[in-house]
Every structure is written in C-alpha cells, then in structure tokens.
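Notes follow the structure.
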Amino acid sequence: MSEVKSEDRTYHDYVIKDGEFIGDFENLYRDIDDPWRQSSQPNKYARIAGITHLKNFQIKSVLECGSGLGYYANWIHKETGIAPLGIDISKEAIVKAQKLFPNLRFRVSDVTTDLLKYKQFDCILFSEIVWYILPDLNSIFELLTKEFKGKYLLVNQVFYKGTQQYGNEFFTNLSEFIEYVPFTLLGASESTMSEDITIETSSIYRID
Ligand SMILES: C[S@@+](CC[C@H](N)C(=O)[O-])C[C@H]1O[C@@H](n2cnc3c(N)ncnc32)[C@H](O)[C@@H]1O
C-alpha cells in the first residue's frame, strides 16, 4: 500500500482515525497550518454559550486546557476581559499561539498530569479536548474534587448525530456526558443547524 504524503494528510490522520486514537499533536501542528480550522472558530454557538457562562457566574480567571492556537482564549479575552492561561501538550501549538496572541500567556503542559500546578484558577476550561483525554477523565475528576472544590469546570464539546466512532463506551451526547460528570450541573446549552452532522454543546459545573 502506498504511503499517504504529508500534504495529503488531514487532521484525522494525526488525531483519531477510523475509531482509533493516534494523538500525534506535535506533528499535526508541524504539518498542518490551521488544524480544526481554529482561525475561523467553528462551533460558534457553543463558544458564545461558554463565554455567556463565564459572564453569568462572574468568573475571574480561566485555565484553558488544550488551548491549541489560542483563538478561543483570545475571543474570551475580548468578550470578558479575562486573560486565560492557555496550556497545550504541543510545543509547536504553544509557540504559534504565543506569536499570534502576544498579549496572552501560553505554556506547554499536559492536562492529564499537570493540573495541580494551576490551583489558583477559578475555572478549568476544556474546549474540544475531551475526546483526547478520555482514559484520564476519571483521574482528572478525582483531582478536581480534591484540589479544586468550589471552583468551576466549563466544557465545550461537539457530539455527533449518530456517526460517532470513538469513545462510544463513555458518552455519545450531552445528557450522557452530564450524567458522567460527577459535579453539580449549573448550566448547559446545545445547538445545531439542520445541515450539520454535529451538535455543539457547552456545559458548566460546580466542582464539589
Ligand atoms: C480540537 S483542539 C482545541 C483547540 C481550542 N481549545 C479550541 O477550542 O479551539 C484540541 C487541543 O487539545 C490539545 N491536547 C490534546 N491532549 C492534550 C493534553 N493531554 N494536554 C494538553 N493539551 C492537549 C491538542 O494539542 C489540541 O491543540
């Protein structure tokens, strides 16, 4: 079988392909300029809902876990005045984010191992990262329970209209996700357009 040339690869080849987790984020950011079309910020309904949650609960500081190229952190900053700290497992993404948004702070860090370093933040934001940390979700939730009591967890996550291939044993829609999260649900929003194959969601929890 012939090898796929790097210019013909899409983000699926580096992240989740045919239902298998690959997780090669470093090479993804090296080979593809704008993975997930982050610069145009798709899933706008959920992103705006996330910002509304931050405003509703008068949240003062945010750690964005898996901040990628930093576009959502920047959008949050413009709308709320909060300057999120963005962390990402990919150094390549962090270097690019820092160049794009020199007014914000970004740091290479793995959310599955490093969360304890960020206890000072009021809100932990997972924006489109949950699928990539599924095996560690329970231990992350345990750590949040122990070390972040009283703070907020905000999750923006896309679900698929019947075409999800990965993580089905965890959850396949927002209600199943809410059931899975061991914290008190404070607010949730779900939206889609008829032609979309995805459903955008944003949900916020008090960590208890
Ligand atoms: C779909 S992008 C989301 C980017 C941004 N949060 C947004 O919503 O536009 C997912 C990001 O999660 C990062 N990521 C994956 N696993 C991670 C981990 N264990 N710790 C930190 N970041 C991680 C990837 O490198 C990637 O930049």
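Listed values, structure above:
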quantity	calculated
Estimated FRET transfer efficiency when R0 is 30 angstrom, pair Leu186-Glu26 (beta carbons, to 0.05)	0.30
Against the rule of thumb 2.2 N^0.38 Å, how large the Cα Rg of the stretch 24-64 comes out	1.56
Antiparallel content of DSSP bridges confined to the chain, in %, to 5	55
Cα point-scatterer Debye curve for the stretch 1-153, base-10 log of I(q)/I(0) at q = 0.12, 0.13, 0.18, 0.21 Å⁻¹	-0.52, -0.61, -1.14, -1.48
Accessible carbon and sulfur surface of the chain relative to its total accessible area, %, 1.4 Å	50
Between the stretch 46-91 and the stretch 96-116, the alpha-carbon center distance in angstrom	12
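The values are calculated or read from the model by the stated rules, or taken from the named source; none is laboratory data. Please read all numbers here as calculations on a predicted model, not as lab measurements. We place every Cβ from the backbone using ideal geometry, glycine too, and count neighbours over all the protein chains shown. The accessibility values were calculated without ligands, DNA or RNA, using every heavy atom of the protein model including side chains. Shrake-Rupley method; radii C 1.70, N 1.55, O 1.52, S 1.80 Å.
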